[in-house]
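S.K.: Mind having a look at this structure? Questions to follow.
Values in this text are rule-based calculations from the coordinates and carry no lab data. Note that the structure is a prediction, hence the values are computed from the model and not measured. Cβ placement follows ideal geometry from the backbone for every residue including glycine, while neighbour counts extend to all protein chains displayed.
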Amino acid sequence: MVNKCANPECRKTLRYLRDGIVYLFSSRKDSEIGSNVPNSMEHFWLCGVCAQKWILKTDSKNGVQLIPKPRRKTHVPATEANAVFPYSR
Ligand SMILES: [Zn+2]
């Protein structure tokens, strides 16, 4: 299990899982698909501050990568976002 933020510039210690985002990635490489290598999963954690600026992505060549989070052009107020799920109230 992870205990540090996945951002190498941050490395904040994980204390509360509700702070930030936990990612679950397969650690199996493309070359291992179809072989007997077990498909183990790896956890990565971004702290709350980093999760606002970064996301984690994985690809078979480079493994897990930290990439800037795409910015939304228009800010959607929380009340409008809630309106998408009218049955949640
Ligand atoms: Zn962080």
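S.K.: When ranked by the protection proxy of mean other Cβ atoms within 10 Å per residue, highest first, what sequence do the peptides 10-21, 45-56, 61-72 form?
M.R.: Top of the packing list down: 45-56, 10-21, 61-72.
S.K.: Taking amide H positions as placed 1.01 Å from N in the peptide plane, with prolines and chain starts having none, which residues 5 or more places from residue 20, or on another chain, fall under 5 Å of its amide H?
M.R.: Here 48 satisfy the definition.
S.K.: Hey, which lysines would be in cross-link range of residue 69, C-alpha to C-alpha under 22 Å, not counting anything within fewer than 8 residues on its own chain?
M.R.: Those lysines meeting the cut-off are 4, 12, 53, 57, 61.
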